[in-house]
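Participant: First, the structure itself, so that you have it in front of you.
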Amino acid sequence: MIVPDPQFARSVFLRVFNQSQVFLLVGAAITTVGLLAGGFSLLRRRLDPLLLWFATFAGLYGVHMVVEYQPLWSLGVQAPALSRIGLAIGFLVPIPAFFFFEALNLLGKLGRILRNAVWPIAVSLALLTLALGYKKFIDEVNSFLVIAALLVLVVALLQVRHGDRDVAIIRWGVLFFCACALYNNIVRVFPHYYNIEPFSFMVLLACLGIVAGRRALAQEQELSNIQKELEIARSIQVSILPSDFPTSASFRVTARYLPMTSVAGDFYDFLLADDKRAGILIADVSGHGVPAALIASMVKLAATAQIANATSPSNLLNGMNATLLGNTQKQFVTAAYVYLDAEKGELQYSAAAHPAMLILRNAEVIRVVENGLMLAAFSFATYTTVSHPLISGDRLLLYTDGILEAVNSRDEEFGEERLGALLQATADLTPKETADRIIATVQQWSVSQDDDLTVLVCDYTAS
């Protein structure tokens, strides 16, 4: 019986390991990149095909390398099932590669035809290998397929013309990888050759990293510019809102405005403001963000153009509807306007699909409703005015629907009943304190702010 020399066995294993360790490290690195790309793809809100196919391409390629270059395989220690899986993975690598190249818009018509021809054959070879194990004819078919596919792919890539610098970097990285892969599949028939393909894959990864870095910096700069523009837009929007109601012998008015995003679609204005009269407008544009904010600016212009009708709420809303109609890109506006006359002791009110105005009088909440159709939606919309007496001590509350529709953790809306009770509970507070309390209470109630919040509180103080 021949006893193997432990020192000899150790030297053989170390020699095999030294030959394989570079490829093992490269394969592990590529696999890690694929896993990271896949995880990032899953974390994104919207599926990115480019990232998904790259993750699959890199993952399969890296796993195939790790399996292929295990040191134990070279010593003849290899499980048949694992061997079949490793070979099958190698046959599947071209499938995500072609879809990845297509997502980069690098294939062209010829490349897309090639993609449709390659993937069924690759899947068939993988299934045959899983069923039969290594067969020379399967390997020969795969080599022929890969060589033909790479040649056609190189031709397709050379035909694609892009002015974008990032695409050019990626294309040359892909071409280098294809050239090395082509070289490997041609010379592998010789007994001794050095596998350079994995290193070309690392070059491709480096090209993608350069492009990813450039695009990340460009995106960061773009986001910074957008943020600056939004800040300017917010400043402009705030500037078109009146800061304070002028000091008046008859009215004390406070407004609170809390947009959901940097800019919003809520709007308010004081069209009349003196000792004897007050004209208070509140409006809410459908939607959120910049589009709604732009239309809110249009509402300001439409209201200013109707200043001659400031003593007639229905005429004011009719004029605003005519001005806005056809100019809001199918977005609509709800609005309410109240005209207060201290000399007559009367208020006149009209609204366009807006939540009811509330009046707190002698600890009782009165709803004032006189609603027509929303503004900017219908040419045939008409509005009417309702009149109510004004009594000293009356508190009026105007607001947008973001107050009523704020939802808590049990999916319950804040609602008009709670708002009325809150108005009663704040009867002894000043208008400023009342407005602040309403906003704070709604914020505490809601899980998140899903709409703009605007509140106008007006106390009638004339004797």
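The values are calculated or read from the model by the stated rules, or taken from the named source; none is laboratory data. Because the structure is a prediction, the values reported are computed rather than measured. Methodologically, a virtual Cβ is constructed for each residue, glycine included, from the backbone with ideal geometry; neighbour enumeration extends over all protein chains shown. These area figures cover heavy atoms from the full protein model, side chains too; ligands, DNA and RNA do not enter into them. Shrake-Rupley method; radii C 1.70, N 1.55, O 1.52, S 1.80 Å.
Participant: How would Y134, Y257 rank on accessible area, largest to smallest, probe 1.4 Å?
Facilitator: Final ranking, largest accessible area leading: Y134, Y257.
Participant: For the range 240-359, what does the accessible surface come to per residue with a 1.4 Å probe? Please give it in Å². Show your work: numbers first, answer last.
Facilitator: Values: 4360 Å² over 120 residues.
Heavy-atom accessible area per residue stands at 36 Å².
Participant: Just report the Cα centroid separation between the range 225-242 and the range 345-391, whole Å.
Facilitator: Between the Cα centre of the range 225-242 and that of the range 345-391, the gap is 31 Å.
Participant: On a 0 to 90 degree scale, rounded to 10, what angle separates helix 415-425 from the longest Cα axis of the chain?
Facilitator: Result, in degrees: 50.
Participant: Using only the Cα atoms of the range 418-463, each taken as one equal point scatterer with no solvent, compute I(q) by the Debye sum, divide by I(0), and report log10 of the ratio at q = 0.14, 0.19 Å⁻¹.
Facilitator: -0.37, -0.63
Participant: For the full complex of protein chains and a 1.4 angstrom probe, list E417, E220 by accessible area with the highest value first. Write out the running numbers ahead of the final one.
Facilitator: On the way: E417 165, E220 120 Å².
From most exposed to least exposed: E417, E220.
Participant: Once the Cα atoms of the chain are picked out, what are the Rg and Dmax in Å?
Facilitator: My reading of the Cα-based Rg and Dmax gives 36.0, 123 Å.
Participant: Counting only the heavy atoms of the protein chains, how much of K136 is accessible to a 1.4 Å probe, in Å² to the nearest 10?
Facilitator: The value for K136 is about 140 Å².
Participant: Compute the Rg to Rh ratio over the range 324-378 from the alpha carbon atoms, using the Kirkwood formula for Rh, and round to two decimal places. It would help to have the intermediate numbers written out before the result.
Facilitator: On the way: Rg = 14.2 Å, Rh = 12.8 Å.
Rounded to two decimals, Rg/Rh equals 1.11.
Participant: Which angle between 0 and 90 degrees, to the nearest 10, do you get for helix 431-445 versus the longest principal axis of the chain when only C-alpha atoms count?
Facilitator: 30 degrees
Participant: Tell me, what % of the accessible area of the chain is carbon and sulfur with a 1.4 angstrom probe? Mind dumping the intermediate values first?
Facilitator: Details: 14440 of 23770 Å².
Carbon with sulfur: 61 percent of the solvent-accessible area.
Participant: Okay, moving on. Kindly report, to the nearest 10 Å², the accessible surface of T311 as traced by a 1.4 Å probe over protein heavy atoms only.
Facilitator: Rounded to the nearest 10, the figure is 60 Å².
Participant: At a 1.4 Å probe radius, which order do D436, D459 fall into by accessible area, largest first? Please report the intermediate quantities before stating the final value.
Facilitator: On the way: D436 75, D459 20 Å².
Ranking D436, D459 by accessible area, largest first, yields D436, D459.
Participant: Nearest-5 percent of antiparallel DSSP beta bridges in the chain? Write out the running numbers ahead of the final one.
Facilitator: Numbers: 50 of 52 bridges.
Looking only at bridges with both residues in the chain, the antiparallel portion is about 95 percent.
Participant: For the range 79-133, what value does the Rg/Rh ratio take when both radii are computed over Cα atoms and Rh is the Kirkwood radius, given to two decimals? Can you show the working numbers first?
Facilitator: Working: Rg = 13.2 Å, Rh = 11.9 Å.
Taking Rh as the inverse mean 1/r over Cα pairs, Rg/Rh reads 1.11.
Participant: Straight-line reach from K276: which lysines fall under 16 Å, measuring Cα to Cα and dropping same-chain residues less than 8 apart?
Facilitator: K344
Participant: Hey, any idea what the orientation-averaged projected area of the convex hull of the range 212-319's Cα atoms comes to, in nm²? Could the numbers behind the result be given before it?
Facilitator: On the way: hull surface 32.5 nm².
Across all orientations, the range 212-319 yields a mean hull projection of 8.1 nm².
Participant: Net charge around A303, counting only other residues with Cβ within less than 15 Å of its Cβ (Lys, Arg = +1; Asp, Glu = -1)?
Facilitator: Values: positive: K300; negative: D266, D269, D284.
Local net charge: -2.
Participant: Which value, in debye to the nearest 20, gives the size of the charge dipole of the chain about its Cα centre, when Lys and Arg are +1 and Asp and Glu are -1 at the Cβ? Can you show the working numbers first?
Facilitator: Values: 33 positive and 39 negative charges, 517 e Å.
Using only the charged Cβ atoms, the result is roughly 2480 debye.
Participant: Give the accessible area for H288 in Å² (nearest 10); use a 1.4 Å probe, count only protein heavy atoms, and leave out ligands, DNA and RNA.
Facilitator: My reading of the accessible area for H288 is about 80 Å².
Participant: Let me ask something else. Which angle between 0 and 90 degrees, to the nearest 10, do you get for helix 80-92 versus the longest principal axis of the chain when only C-alpha atoms count?
Facilitator: 60 degrees
Participant: To continue, here is another question. When averaged across all projection directions, what area in nm² does the alpha-carbon convex hull of the range 274-422 cover? If you can, show how the numbers build up before the last one.
Facilitator: Values: hull surface 38.9 nm².
Mean projected area for the range 274-422: 9.7 nm², to one decimal.
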